[in-house]
Every structure is written in C-alpha cells, then in structure tokens.
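This report refers to the structure that appears directly beneath it.
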Amino acid sequence: MIDNKTFIIGGIVIALMIGVVAVFMASSDPDGLESTALVVQGQKELTGATPENAEIQEDLNGKFSYESPMPDYSLGERFGPLGGIVAIVAGTILALLIVVGAIYSIKIAGKATK
Amino acid sequence: MHIPDAFIPIPQGIVYWIIALVFVALALRWAKNEMSEEKIPIVAVLAAGIFALQSFNLPVSMGTSGHLVGGALAAIVLGSPFAAVFILALVLIVQGVLFGDGGITTMGANIINMGVIGGFVGFYSFKGLMGITRSMPVSAFLAAWLACLIPALAAAGEMFIAGTFPLEAGLVAMGIYHAIIGIVEGMVTVGVIYLIMNVRPDLVDMGVKRPAGA
C-alpha cells in the first residue's frame, strides 16, 4: 500500500511519460473511424495499407466548423516535437484538474444545499 | 473513434447532445451522491491516465491505428458506468475544445458512444462475466473489448443516419478495425487494473477487490 500522495504523483508521472512517449512513437495511420471513412470513399482497401496520398473527403455543407488552438496535439510544425510535448502535458494536467475540480464543486454544492 | 464536426449534420448533432446531457446530469448526480472523497485520488489519476493513453495511437495493422478509450476501465475501477460517463465527458471536452480531436457539434455523439455506451457495456459485461468466470483478467479483457467494439458499431450507425457512411460497409469496417483495437483496449485495461490493485487495492471497487484476509 502506498499513500494517497505517492499514488497521485506516481499516477501523474506515469500518465505524463505515456503522453511524452506518444509524441514520438504514436502511429500516424488513420484511426478506426478515419480508416472506415477512407474505405467507404474508395481510397483504401478494407484490409490494405493506407495510401500516402489518402485524404478524407469532408462534406462541410450544413456542418459546424471549429478551429481548435492546438490541433492534432501539436503547436504547429514550427515547434516540432517540443510543441507536441507541451500540448500533451497541458492536456493531461488540464483533464486532471477539470475532473477533480468538477468533483469538488459538486461536493461543495451538495453540502451547501443540505 | 472521435467523430469530427464534418461527419454529422448540426440538427442530428443537437439531438445527440440532448441525449448526452441527460446522461451527464445523471453522472453528476452519481458523483454527488455515490462517490466518496476517498476516491478522488483514483479519479484524478484515471483522468490523467485516460487522457494520455488516448493520445497514444498504436498501429493495429491494415493501415489503421487505435488507442485506448478507457470507458470500461473507469467503470470497472470505480464500480459504476456513470464514472465512465463523468470522466469521458470531461476528457472529450478538453480534447474537442483544445485539440480538435472530436468535433463540437458531434461531442454529444462522442460522449454517448465512448462514455455512455462504453461505460455501460464495460461495466455490465464485466459484472456478468465475473459472475460466470470469477476471473478478473478474463472478465476485464472481454468487457473492455466489447466496450471498444460496441461503441464503434454505434458510431457506424450514427454515420449511416448522417449519410456519411453506407450502413453495411460502415459496420463491417468499423467492426473489423475496432475488434482489433479492442484487443489493445482489453490488454491495457487488465494491466492498469492489476497495477492499481497492487499499489492500492482499497481503491478498486466491485468484485475485483481481493477477499479480506486473502
């Protein structure tokens, strides 16, 4: 048994290490949904490799579009892998803070109404 | 399987958002009533871990990659499908808003698929399989595999309704790719449960807990 502090710090360190390794080692192949889009658009065989020039055709008519500040977990090519690390570390810490913050807010709000 | 904005028309996206918000509200109620403060460390670590693991795309052959979703993991470890809805919804908000991973109008659909369907399928298939097999690794592996495959098939259905994929081709491709990605999901889920059970067995809920004195 380890105490809460060790558990949280250990857990966060492991999460950050996974995220940093991902920046360098993650596969650039399309994910399952993107692959399926390429297959149904006739750009890729179901079980074949993804062609270099394959690109998902998007019908943006009647769809919402949004430009995120750090698309694809990167700060843009200018910053390279370092930008990727910053993006992933920021995302991991933020996910943790938002989840824990949400729990504390719910608990405090819950106590206040009792 | 994060659906981008371009794949679902806005009105349909709103319908999925409304359904998702009902489950998010139920998840907030669960967090308020059921979650003890002793669980906060494990929830914190799961949130960070699920975010990091989701960014790690592993090659799964056939020109495709996939990553852990984590719905089954969160639901099993915290002992409720609403734990998955709670954590996944917040992780998906961070991913969609900051990183463009999954759309904004499609976030409701993504919360339904990965959080709600993933969480409920993961939790109840784990519970059922534990009753039959009495084996955590077997039950967690299969539950996580199903919690990857079934949301993917649901996404294929949503893509059909949206007119983005034809039904049969979409189901076949989504099914085949996520049946393989699910193997990764299963292995990582079992590995993480083992890891947590070793360092903090008291934080793991459900039948996974070792019997007293064992």
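Numbers below:
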item	result
Hey, B:Ile181 surrounded by fewer than 23 Cβ atoms within 10 Å (Cβ to Cβ) and out of contact with any Pro (no Cβ under 8 Å at 6 or more places or on another chain) or not	no
Residue in the stretch B:85-109 that is farthest from B:Leu26 (Cα to Cα), counting only those that are more than 7 Å from chain A (Cβ to nearest Cβ) and free of Cβ contacts under 8 Å to residues at least 40 places away in the same chain	B:Ile93
Filter result (at the interface with chain B (Cβ under 7 Å from one of its Cβ atoms) and either polar (S, T, N, Q) or more than 19 Å from B:His2 (Cα to Cα) (or both)) within the stretch A:63-93	A:Ser65, A:Ser68, A:Thr92
Residue in the stretch A:43-59 that is out of contact with any Asp or Glu (no Cβ under 7 Å at 6 or more places or on another chain), without any contact (Cβ under 8 Å) to a residue 60 or more places away in the chain, assigned to a loop (DSSP other than H, G, I, E, B) and under 21 Å from B:Val69 (Cβ atoms) present	no
Matching residues, the stretch B:48-101, being over 20 Å from A:Ile12 (Cα atoms), of a type outside the set (D, E, K, R) and touching a His at 6+ places or on another chain (Cβ under 8 Å)	B:Leu58, B:Gly66, B:Gly96
Residues of the stretch A:89-113 satisfying the condition of being modelled with pLDDT of 90 or more and either outside any helix (DSSP H, G or I) or not small (Gly, Ala, Ser) (or both)	A:Val89, A:Thr92, A:Ile93, A:Leu94, A:Leu96, A:Leu97, A:Ile98, A:Val99, A:Val100, A:Ile103, A:Tyr104, A:Ile106
Long-range neighbours under 9 Å by Cβ, at least six apart or interchain, first residue farther than 12 Å from B:Asp101 by Cβ within the stretch A:66-78, second among the aromatic types (Phe, Trp, Tyr)	A:Pro69/B:Phe99
Among the residues listed as B:Ile150, B:Ile180, B:Ile111, B:Ile117, the single one being part of a helix (DSSP H, G or I), touching a Leu at 6+ places or on another chain (Cβ under 8 Å) and at pLDDT 95 or above	B:Ile111
Every residue from the stretch A:1-51 that is surrounded by fewer than 19 Cβ atoms within 10 Å (Cβ to Cβ), among the hydroxyl-bearing types (Ser, Thr, Tyr) and within 27 Å of B:Gly103 (Cβ to Cβ)	A:Ser27, A:Ser28
B:Ile14 vs. criteria crowded, with 19+ Cβ neighbours inside 10 Å, more than 7 Å from chain A (Cβ to nearest Cβ), assigned to a helix (DSSP H, G or I) and touching a Gly at 6+ places or on another chain (Cβ under 8 Å)	no
Tally, over the stretch A:66-88, of residues that are assigned to a loop (DSSP other than H, G, I, E, B) and either surrounded by 14 or more Cβ atoms within 10 Å (Cβ to Cβ) or at pLDDT below 90 (or both)	5
B:Lys32 vs. criteria more than 8 Å from chain A (Cβ to nearest Cβ) and assigned to a helix (DSSP H, G or I)	no
Count - residues of the stretch A:1-40 that are facing chain B (nearest Cβ under 7 Å) and in a loop (DSSP other than H, G, I, E, B)	6
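The values are calculated or read from the model by the stated rules, or taken from the named source; none is laboratory data. Just so it is clear, the structure is predicted and the values come from calculations on it, not from any experiment. Note that we place each Cβ from the backbone using ideal geometry, even for glycine, and neighbour counts take in every protein chain shown.
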